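Contents: one structure, followed by commentary.
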Amino acid sequence: QRTEMGYFEQRICLQQNKMARTVLETVQRKQSILCVSADFTTKDKLLKLVDAVGPHVCMIKTHVDIISDFDHDLVTQLATLSAKHDFVIFEDRKFADIGNTVSLQYSSGVHRIADWSHITNAHALPGDGIVNGLKKVGLDKGRGLLLLAEMSSAGSLAVGSYTQASVDMARRHKDFVIGFIAQRKLGDSDDDFLILTPGVGLDVKGDGMGQQYRTPQEVVDAGTDVTIVGRGITGSEATADFDKAASEALRYKQAGWEAFASRHKL
Ligand code: BMP
């Protein structure tokens, strides 16, 4: 019988990238596979939300380009909350350009994502150059990258040979690519890529704009490592209720961990 330590130690050993190890260690320490997608558009509400759900998550996912009053104090405060609550920061930037352009988008501009986001993600569409461009900026800073191998939305074109080519691309860059945004386990046990799955909800099946939800149990059964939950926990920003968000986060944390612990015999 494998012990809980055994399961995580085994996986941590296989990771070449430090941030991949940090994600697994955080999951183990907090007994949480929950990433909250904090998609609020004002600094004040975003920080209150993150402080409320922080105790229950291994990771917080941001879209900084939706924040109307973005400034660098926001990322300073996010870093403080990350240390306070022990979570990894994931800026969901979905880079999709040639290597030279993404290296500038990652390091520069208003957001300077590489300076504060522990992990970010990219489409495999442009080819290996996108990974090389991001790696040039992020590797020395200890960052990690996820490739979007599949998407949760209806009619996604990221299927079949595109998904397979994304896995092959990740294998060529194991020092920097830590895993995938995907709907199921990808790669084999030698790879041990992290699988992060959005489109997770306990109460509804869609959002009327193409999003498709499965339960934490369903996505863990499909082989995910981290469940990404936005509106199922946060509700709408207009009627933001931070106590409710905290209790919903706890509910999703428990549902996810119960499924994960049972699947991996922890
Ligand atoms: P929600 O749970 O409220 O539907 O939010 C899902 C989040 O995950 C959004 O921030 C979205 O941008 C992101 N996402 C997704 O829904 N599907 C994908 O395939 C990839 C994503 O990054």
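The values are calculated or read from the model by the stated rules, or taken from the named source; none is laboratory data. These numbers were taken from a predicted model, which means no experiment stands behind them. Note: ideal-geometry Cβ built from the backbone for every residue, glycine included; neighbour counts use all protein chains shown.
Observations on the model:
- The sole residue among Val177, Val229, Val200, Val219 that is touching a Cys at 6+ places or on another chain (Cβ under 8 Å) and closer than 23 Å to Ile119 by Cα is Val229.
- Filter result for Arg29 (under 21 Å from Ala259 (Cα atoms), surrounded by fewer than 20 Cβ atoms within 10 Å (Cβ to Cβ), of a type in the set (D, E, K, R) and more than 16 Å from the ligand (Cβ to nearest atom)): yes
- Filter result for the condition that a residue is farther than 22 Å from Ile181 by Cβ, buried (at least 17 other Cβ atoms within 10 Å of the Cβ), without any contact (Cβ under 8 Å) to a residue 40 or more places away in the chain and among the hydrophobic types (A, V, I, L, M, F, W, C), over Leu78, Leu104, Leu47: Leu47
Residue-wise test of (1) modelled with pLDDT of 95 or more; (2) under 16 Å from Arg231 (Cβ atoms); (3) part of a helix (DSSP H, G or I).
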{"position": "Arg29", "(1), (2), (3)": "yes, no, yes"}
{"position": "Leu46", "(1), (2), (3)": "yes, yes, yes"}
{"position": "Ile60", "(1), (2), (3)": "yes, yes, no"}
{"position": "Gln77", "(1), (2), (3)": "yes, no, yes"}
{"position": "Ser82", "(1), (2), (3)": "yes, no, yes"}
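- Residue among His72, His85, His63 that alone is in contact with a Pro (Cβ under 6 Å, 6 or more places away or on another chain) and either surrounded by fewer than 16 Cβ atoms within 10 Å (Cβ to Cβ) or on the phi < 0 side of the Ramachandran plot (or both): His85
- Here Arg172 meets the list (1) over 18 Å from the mean Cα position of the chain (by Cα); (2) surrounded by 16 or more Cβ atoms within 10 Å (Cβ to Cβ) almost entirely, failing just condition (2).
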